[in-house]
Structures are given as structure tokens and as C-alpha cells.
Amino acid sequence: MPGIHIYDSLNLLSKLTIQRSWNAAKVLTSYYLSRWFKKPVQWGYPISVSFEPTTSCNLRCPECPSGQRSFTRATGMLKKDFFIQTIDEIHKELLYLIFYFQGEPYLNPVFLDMVRYAADKKIYTATSTNAHYLNDTNARKTVESGLDRLIISIDGTTQDVYQQYRRGGRLDKVIAGARNIVKWKKELKSKTPFVIFQFLVVKPNEHQIDEVKRLAKEVGVNDVWFKTAQVYDYLNDPNHLIPDNEKFSRYKKDNTGAYKIKNKLHNHCWKLWHANVITWDGMIVPCCFDKDAKHLLGNLSKQSFKEIWHNNNYKRFRSRLMSGRKNIDICANCSEGTKVWG
């Protein structure tokens with residue numbers, strides 16, 4: 001659960017320009033007008049975009065399509081030229097760029113080159129990694145790339161617990177990778193990237209919540225975030241992942257003992273107004289819950305980004321969401337996106 005850190009917040013705010021601020025104001029205004037009038041209004045362009053560096057991953061996490069090799073869509077690597085072409089179109093409005101959707105970003109050999117390109121455009125950049133490729137060389141390149149935020153997935157403080165979700169992973173590599181980043185930040189006198197240990201709270205690791213806080217302090221990372229897990233088949237929970245501590249669960253038991261989503265599914269979603277996701281091959285989808293790109297809103301090989309953002313597919317999807325969010329499969333198992341900035 002994110003906290004507020006002065007330097008990281010000021011760093012993000014330093015990326016604001018008059019044009020980005022005006023764009024954000026238009027997006028926010030159109031979102032609230034849509035809620036008030038119960039009809040989608042869309043002004044401006046995304047404040048935040050997620051780019052997928054690759055669908056490949058070295059791990060086999062049970063609730064992840066990359067880990068399970070279960071995609072029905074095409075898999076591959078994001079090409080640098082395509083990335084540059086898209087960023088050149090939208091960078092004047094874009095404030096925040098996330099280099100992550102599915103897969104392990106560091107498997108893309110030009111990943112850090114793309115980070116550097118976005119950083120040179122004064123866009124706030126972030127990524128999420130399992131940290132198995134943060135050797136000394138990559139750690140130095142990461143700091144030098146200008147990456148603003150590095151989220152390191154660390155879902156256990158002992159190998160036996162860690163590997164129950166991060167199947168095929170090695171905790172010692174994760175910790176060593178984090179230490180390499182911290183070392184090179186000191187060596188290069190850099191305050192970035194802001195390093196976060198992200199702890200996906202599941203039943204096998206929920207007893208280690210206090211331990212991961214201690215580990216983060218020992219390693220020298222900036223913060224620890226606790227994330228609730230999305231479980232596709234939450235009615236049966238076949239991998240036994242839903243934690244007993246309801247504070248860290250998206251689900252709760254009803255009177256019959258069956259699990260249901262804890263939060264109400266309101267017919268609005270801030271993410272559909274301020275953000276979107278681009279797959280490695282240029283398909284645009286509503287959000288990170290559409291992991292298999294079933295709700296295709298546009299294709300950058302056929303239209304420009306700005307044409308897609310205001311096209312009929314987007315208008316229809318926003319209308320469907322506002323008339324019945326629970327009737328859209330990717331929205332029915334989602335407790336995110338309903339609050340501004342949340």
C-alpha cells in the first residue's frame with residue numbers, strides 16, 4: 001500500500017509542464033462530467049500509459065498468464081523503433097510511463113534503451129521486475145537510464161515461502177539484485193530509481209509481513225508495498241492463495257462460506273479515462289486486467305494513438321462500463337480503478 005515520499009513525489013511533479021497539466025485537468029474534468037451525467041465524455045489524452053516490453057518470463061507464477069504460458073494472443077518483444085514512434089506522438093501530454101504489463105521487462109535486450117528515451121522526454125518512468133536479472137552490470141545501467149521507480153516483487157522472506165508463488169525463482173537473486181541497485185545509486189550519487197519491495201500477500205506468505213519490512217530496511221530500499229492478489233477462480237481458490245487476513249484480500253466470505261469480491265463494483269472507473277495499456281505488438285486494451293487482450297480497442301499498426309483514444313471502440317467500452325461494470329468479464333473481478341489516483 002503506497003505511502004507518500006517527498007522526493008519521489010517532487011520528482012513526479014517536476015515532470016509536469018503546462019501542456020501536461022492542462023491535459024490532466026481536461027481528463028479529470030471529463031471523468032467527473034461522465035459520472036455526473038452518466039454518459040461518457042472524454043477530453044484530453046492519457047496521463048499514464050503502460051507499455052509491455054515482453055510477454056516472456058523466467059518464472060511460473062500460478063495466477064499469471066506469462067508464468068503459465070497460457071496466452072491466446074501473440075507473444076513477443078517490444079521493438080524500440082515502434083516504441084519511439086508512439087512516444088513521439090504522445091510525450092507532450094504523457095506524464096507517467098509504466099514499462100510493464102505481462103512478462104519480465106529485463107528479458108527485452110533494449111528495455112533500458114527505451115527507458116532512457118522516455119526519460120530524455122522528461123516522462124516519469126517506472127517498471128516492475130522479479131529482479132533475477134539485476135546483476136551488477138544491469139543494475140548500473142538501470143540507474144544510468146534515468147528510471148524513476150523500480151518495483152521489485154519479493155513475495156517471501158525465506159526461499160521455501162517465496163517459491164510457493166514465485167515458482168522457479170530464487171530469493172537470493174532477488175535480494176542480491178536489490179542490493180546492486182542500492183549500491184549503484186550510492187556510487188553514482190543518484191536518488192533514482194525509487195526502489196520498492198512489492199509483497200503480494202497470499203496465504204503462504206501472510207505471516208511474513210513484518211519480516212519483509214525488516215528485510216527492506218536491511219537492504220536499503222525506499223519502501224515496502226503490500227498488494228492484494230487477484231485470483232481468477234476465487235470461488236474455489238485452487239492454488240490456496242486467498243489470505244486469512246481480510247485486510248490483504250480482495251475477497252471475503254459470505255454467509256454460506258463462499259468467497260465474493262469485497263468491494264462494490266461501481267459503474268465508473270478512473271483508469272478508463274486517464275490510462276491505458278499497449279501490448280508489445282501495438283494492440284491497445286482498456287487496462288492491465290485484460291491480460292489476453294480480449295477487449296481490443298485499437299491497433300497502432302492501423303491507426304495513430306490519438307485516433308484510437310477517441311474512436312468508437314473506446315466510446316462503446318466506456319458506455320458499457322457505465323451501464324453495467326459487473327457485466328464485463330475483466331471488470332467483474334476487479335476492485336481497482338474506481339477512485340481517482342487509486
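The values are calculated or read from the model by the stated rules, or taken from the named source; none is laboratory data. What you are looking at is a predicted structure, and each value in this text was computed from that prediction instead of being measured. We place every Cβ from the backbone using ideal geometry, glycine too, and count neighbours over all the protein chains shown. Ligands, DNA and RNA are excluded from the accessible area calculation, which covers all protein heavy atoms including side chains. Shrake-Rupley method; radii C 1.70, N 1.55, O 1.52, S 1.80 Å.
Brief remarks on what is shown
- Each of Cys288, Gly220, Leu147 was scored by the projection of its Cα onto the charge dipole of the chain, and the greatest displacement toward the positive side belongs to Cys288; charges sit on the C-beta of Lys, Arg, Asp and Glu.
- Top of Gln19, Gln102, Gln198 by mean-square fluctuation, Gaussian network on the chain, Cα under 10 Å: Gln19
- In the assembled protein chains, His266 presents an accessible area of approximately 90 Å² (probe radius 1.4 Å).
- Relative packing of peptides 32-39, 115-122, 243-250 - highest average C-beta neighbours within 10 Å first: 115-122, 243-250, 32-39
- Cα Rg, Dmax, the stretch 190-299, angstrom units: 17.5, 54
- Accessible carbon and sulfur surface of the chain relative to its total accessible area, %, 1.4 Å: 52 percent
- The stretch 1-85 - Rg (one decimal) and Dmax (whole number), Cα, Å: 18.4, 47
- Unmatched cysteines, the chain - criterion: no other Cβ of a Cys under 4.7 angstrom: Cys57, Cys269, Cys287, Cys288, Cys331, Cys334
- Lysines whose Cα lies under 28 Å from that of Lys183, excluding same-chain neighbours fewer than 8 positions away: Lys15, Lys121, Lys122, Lys141, Lys173, Lys191, Lys213, Lys217, Lys227
- Probe 1.4 Å - accessible area at Arg316, Å² to nearest ten: 130 Å²
- Volume in Å³ per residue [convex hull over Cα atoms, computed for the stretch 73-225]: 121 Å³
- Probing with 1.4 Å while keeping every protein chain in the model, the per residue accessible area of the chain equals 46 Å².
- If you wrap the chain in the convex hull of its Cα atoms and look at it from every side, the mean projected area works out to 16.6 nm².
- Normalised convex hull volume, the stretch 160-232, alpha-carbon set, Å³ per residue: 98 Å³
- Expressed as a fraction of 2.2 N^0.38 Å, the value expected for a compact globular protein of N residues, the C-alpha radius of gyration of the stretch 115-161 is 1.36.
- Residue with peak Gaussian network fluctuation, the chain [Cα springs, cutoff 10 Å], from Asn205, Asn11, Asn276: Asn11
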